[in-house]
Amino acid sequence: MAMRRQRGLGLAEYRRDCGSKVAVRRADCCILTSVPKLLLAVSHPMLAAALLSVMLRDKEKADDIDSNPRSSTREDAQPTEGEREVWNQVNSVLQDSENILSGLQAYKGAGQEIRDAIQNPNDFMLQERAWNSVCPLVIKLKKFYSFSLRLEEEALQSLLECLTCPPFTPTQHLEREQALAKQFAEILHFTLRFDELKMRIPAIQNDFSYYRRTISRNRINNMNLDIENEVNNEMANRMSLFYAEATPMLKTLSNATTNFVTENKTLPLENTTDCLSTMASVCKVMLETPEYSSRFSSEDTLLFCMRVMVGVIILYDHVHPNGAFTKSSKIDTLFISLQMKGCIKVLKDQPADNVEGLLNALKFTTKHLNDESTPKNIRTMLQ
């Protein structure tokens, strides 16, 4: 596996080009010109500079492509030969993520049809109308749920293996495999976007509850239910548990990360937690340092960084025995700020409409927030 990305430079080459300064190569100067003093407080400034560069540059290019598809290509996101197999596997999943989000955003629900059917139980036409409205929605909900399984089994597991396995440290992995680190960030970005949308659509649970009640009643009446070929009872049970979660996609990722740590007993826990804490710290630097945040070309880029930061914090909180909120947590200890306080402050400094869903994710999806060991000022900030 190559030690760096095709268009990246190693530490020795940076120093040879830039003297004693830690700087980015000339081709990246449109994004980063030098590493500020705050960034030098990071234990691994080269890693932070590399990840800042790839995450910010690629996201900005994506924004450019959205507005002008012919203006640029995302060549900087291409993997090295050593990364390519896993990158291709993960990319095949991520390619469907925008369609999933579009489908969720367009979800309207069958609230009116269901209300009409419930209020007129003897009106066969209204019963049939409600059932015919709900069934296609249940198929759509199955598609979303099935994608969460793909995200877990075909993407996240492979990325965690690559970014934490010996003999390299997590820091070395993030330096060497920046394309995979970027994909990990994109998964978290998708996950938080999905859950933010889901929390705004109460119709999902209402529709699915009506479906389950109706199909049970029809089964008792020995009616032919073609939809059970698509969503059988076992699948319906699993989907019900999934959609009962306030943040189902994030819950899936949290469970998957916890299972990864549990199943890989010979892998030091620090390999996983260090990877997560480093990415959280990098995102925090991007958000709180005007030199970087001022160069975001759109609000989407800002949201991207915030979602990734919140995502890795939540995963860290689930896999570390003491969680992300205690004084022993590595989250944010690379900086002067105290533990989680700095990360939360970064969020609360943003417009409320942009961060309400992210703050709710920290409130309701973390595992250790309400522990006695969590400082009171942290709990107060999240109230």
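Just so you know, all these numbers are worked out from the coordinates, no wet-lab data involved. If you're wondering where the values come from, they're calculated on a predicted model, not measured in any experiment. As a convention, Cβ positions derive from the backbone with ideal geometry for all residues, glycine included, and neighbour counts pool all protein chains shown.
Extending 7 Å from Cα along the Cβ direction at Glu234 and again at Glu81 yields two label points whose distance is 4.4 nm.
Rounded to whole Å and sorted largest first, what semi-axes of the equivalent ellipsoid does the C-alpha gyration tensor of the range 242-301 yield via the square root of 5 times each eigenvalue? Present the calculation step by step, with values, prior to reporting the outcome.
Values: eigenvalues 177, 76, 8 Å².
Rounded to whole Å, the semi-axes are 30, 20, 6.
In the frame of its principal axes, the range 81-381 has Cα extents of 67, 42, 41 Å, reported largest first.
Phi-derived couplings, Karplus 6.51 cos²θ - 1.76 cosθ + 1.60 at θ = phi - 60°, listed residue by residue for the range 182-192: 5, 5, 4, 4, 5, 5, 5, 4, 4, 4, 5 Hz, with x used for Gly and Pro. Once you place label points 7 Å from the Cα toward the Cβ at Asn377 and Lys348, how far apart are they in nm? My value for the distance between the label points is 1.0 nm. One chain, two ends: Glu154 and Gln89. Fully extended at 0.36 nm per residue, the span grows by 22.7 nm beyond their Cα-Cα distance.
Mind checking the dipole of the range 81-381: about its Cα centre, +1 per Lys or Arg Cβ, -1 per Asp or Glu Cβ, Debye to the nearest 20? Intermediate values should be presented prior to the final figure.
On the way: 32 positive and 38 negative charges, 179 e Å.
With Lys and Arg at +1 and Asp and Glu at -1, about 860 debye.
Can you order the peptides 239-247, 269-277 by their average number of other Cβ atoms within 10 Å per residue, highest first? Can you show the working numbers first?
Details: 239-247: 16.2, 269-277: 20.9.
Per-residue mean Cβ counts within 10 Å order the peptides as 269-277, 239-247.
Given a cut-off of under 8 Å on Cα pairs at least six residues apart, what relative contact order in percent is computed for the range 190-325?
Across the range 190-325, relative contact order equals 27 percent.
Can you divide the C-alpha Rg of the range 85-139 by 2.2 N^0.38 Å and report the result to two decimal places? Could you put the intermediate results ahead of the total?
Values: Rg = 17.8 Å, N = 55, 2.2 N^0.38 = 10.1 Å.
The reported ratio for this selection is 1.77.
So which of Lys284/Lys376; Lys143/Lys348; Lys142/Lys265; Lys198/Lys265 end up more than 25 Å apart, counting from Cα to Cα? In this structure, Lys143/Lys348; Lys142/Lys265; Lys198/Lys265 exceed 25 Å between Cα atoms.
3J(HN,Hα) couplings calculated from phi for the range 259-270 with the Karplus curve 6.51 cos²θ - 1.76 cosθ + 1.60 (θ = phi - 60°) are, in sequence order, 5, 4, 5, 5, 6, 9, 5, 7, 8, x, 4, 4 Hz; Gly and Pro show x.
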